[in-house]
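Worksheet: the structure to be examined is printed underneath.
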Amino acid sequence: MLDLSHVVMNGRPHSPFVELGRENGYIENENLTDSELIMIVYLNGEFLEKENALISVEDRAFLFADGVYEVIRCYGGRPFRLEEHLRRLDESIRAVRIDLSDSRPIGEVAKRLIVENGLTKGDALIYIEITRGSAPRVHIFPPKGTKPTVYVGVVEFHPKHSQMENGISVILVPDIRWTRCDVKVVGLLPNVLMAQRALDEGADDAIFVRDGVAIEGTASNVFGVFGGVVVTHPKTNLTLAGVTRDVVLELCIKLGLPTREAPIMESQLSEAEELFLTSTTMEITPVVEVDGRAVGGGKPGPITRRIQKEFRELVRSSRD
Ligand code: PLP
């Protein structure tokens, strides 16, 4: 159980909200970036200045990538689909058998960090990481009672508006990941390598292909429109069950657009009327080029636009 009642700030009991942050005048230069600001983060029961939040070199995530994470978007300071993200976090924790019985208070920690860091107005991201804790390096689980490491941080976020507006190019890459891609683990090396490969080859992102199927992006789900039907890969062990993916499927129902959860073959991509990626940070980003070939006439399609518009409205209404 994560008990927040004892939370301390830099070793002192933490009384309501810290003096730091844009909103209470401590920071005079509004143009400072997050990296120049004194950011407050949460680590293992304490609210700390980020530079004082230190993790052991024996942390299991450092040694084995033995941890899970979540990324949550805030619009105007309000976390979007917080419950869904926390539920997925809980599922990840249980899937990898980290001994943390109750992750629910993390939502309250995150909301508090938004306020304390003066991020109540614009776009922000919440990053949560839970690891199996710190212990001498042996592969088996650490001794019972080893406390998991719990970290929550927030950053100002700058969405890639031009990509959402004009679309992106992707390359197809082999899916060299493990077969539990449904668990949001911090071991993202294949994703890192393939995102970088895309950049090196002059594209914006990459889509993983496994056994001829376009599985998902390096940090997003893939949707295609075929004969007017909006298609995305089913929720299996090979994809992350994206929160944005679920929102898009809901919006399609609302808009009366037919949907189908089925694999999209690599060979079908060139026939797609429209293609787009979805994620917490990319929202709904059109794909207009795959491996150098134009998709859907090389520009974002009408169905993608309708879903984008509906998504913006949903975000606006959930802020009211
Ligand atoms: N697939 C992968 C591999 C991801 O890393 C992400 C998000 O980071 C997604 C899909 C999209 O998930 P969500 O919409 O919950 O951000």
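Using beta carbons and a limit of 6 Å, which pairs, at least six apart or on different chains, have the first residue in segment 226-250 and of a type outside the set (D, E) and the second one open to solvent by 40 Å² or more (accessible area, probe 1.4 Å) and in a helix (DSSP H, G or I)?
Filtered contacts from segment 226-250: V243/E84.
Which one of R260, R305 is without any contact (Cβ under 8 Å) to a residue 12 or more places away in the chain, over 28 Å from G187 (Cβ atoms) and more than 13 Å from the ligand (Cβ to nearest atom)?
The unique qualifying residue is R305.
With the structure loaded, tell me whether T218 is modelled with pLDDT of 95 or more, exposed (fewer than 15 other Cβ atoms within 10 Å of the Cβ) and in the same structural domain as T285 (by TED's automatic domain parsing) or whether it fails that test.
no
Any idea which of D182, D246 is within 13 Å of the ligand (Cβ to nearest atom), touching a Leu at 6+ places or on another chain (Cβ under 9 Å) and open to solvent by less than 70 Å² (accessible area, probe 1.4 Å)?
Selected residue: D182, the only one of D182, D246 that is within 13 Å of the ligand (Cβ to nearest atom), touching a Leu at 6+ places or on another chain (Cβ under 9 Å) and open to solvent by less than 70 Å² (accessible area, probe 1.4 Å).
Specify which of the listed residues (V247, V288, V243) is among the β-branched types (V, I, T), over 29 Å from D90 (Cβ atoms) and modelled with pLDDT of 95 or more.
Selected residue: V288, the only one of V247, V288, V243 that is among the β-branched types (V, I, T), over 29 Å from D90 (Cβ atoms) and modelled with pLDDT of 95 or more.
Across segment 77-87, which residue is farthest from the ligand (Cβ to nearest atom) among those that are open to solvent by 20 Å² or more (accessible area, probe 1.4 Å) and in a loop (DSSP other than H, G, I, E, B)?
That would be F80.
Here is a list: I176, I171. Which entry is outside any strand (DSSP E or B) and either at pLDDT 95 or above or within 19 Å of the chain's Cα centre (by Cα) (or both)?
I176
Which of the residues belonging to segment 119-146 are more than 20 Å from T281 (Cα to Cα), of a type outside the set (A, V, I, L, M, F, W, C) and either surrounded by 14 or more Cβ atoms within 10 Å (Cβ to Cβ) or not assigned by TED's automatic domain parsing to the domain that holds G76 (or both)?
Selection gives T131, R132, G133, S134, P142, T146.
Within segment 264-300, take every residue that is outside any strand (DSSP E or B) and either open to solvent by less than 10 Å² (accessible area, probe 1.4 Å) or outside the structural domain of P174 (by TED's automatic domain parsing) (or both) and give me the one that is nearest to the ligand (Cβ to nearest atom).
Across segment 264-300, the extreme among qualifying residues is I264.
Within the group D99, D90, which residue is surrounded by fewer than 21 Cβ atoms within 10 Å (Cβ to Cβ), more than 13 Å from the ligand (Cβ to nearest atom) and in contact (Cβ under 8 Å) with a residue 24 or more places away in the chain?
Going through D99, D90 in turn, the sole match is D99.
Could you say which residue among G212, G217 is within 16 Å of the ligand (Cβ to nearest atom) and touching a strand residue (DSSP E or B) at 6+ places or on another chain (Cβ under 6 Å)?
Exactly one residue qualifies, and that residue is G217.
May I ask you to verify whether D175 is within 11 Å of the ligand (Cβ to nearest atom) and either in contact with a Cys (Cβ under 7 Å, 6 or more places away or on another chain) or of a type outside the set (K, R) (or both)?
Judged against the criteria, D175 is a match.
Quick one: how many residues across segment 144-164 are free of Cβ contacts under 8 Å to residues at least 12 places away in the same chain and under 27 Å from N52 (Cα atoms)?
1
Testing P234 on (1) open to solvent by less than 30 Å² (accessible area, probe 1.4 Å); (2) outside the structural domain of L86 (by TED's automatic domain parsing), one condition comes back false. Which one is that?
(1)
Would segment 59-71 turn up any residue that is modelled with pLDDT of 95 or more, surrounded by 15 or more Cβ atoms within 10 Å (Cβ to Cβ), within 16 Å of the ligand (Cβ to nearest atom) and part of a helix (DSSP H, G or I)?
no
Give just the number: which of (1) assigned to a helix (DSSP H, G or I); (2) in contact (Cβ under 8 Å) with a residue 24 or more places away in the chain; (3) within 12 Å of the ligand (Cβ to nearest atom) does P190 not satisfy?
(2)
The values are calculated or read from the model by the stated rules, or taken from the named source; none is laboratory data. Here the structure is a predicted model, which means the values were calculated and not measured. Here the Cβ is made from the backbone with ideal geometry for all residues, glycine too, and neighbour counts use every protein chain on show. In case anyone asks, the SASA skips ligands and DNA or RNA and just uses the protein heavy atoms, side chains included. Shrake-Rupley method; radii C 1.70, N 1.55, O 1.52, S 1.80 Å.
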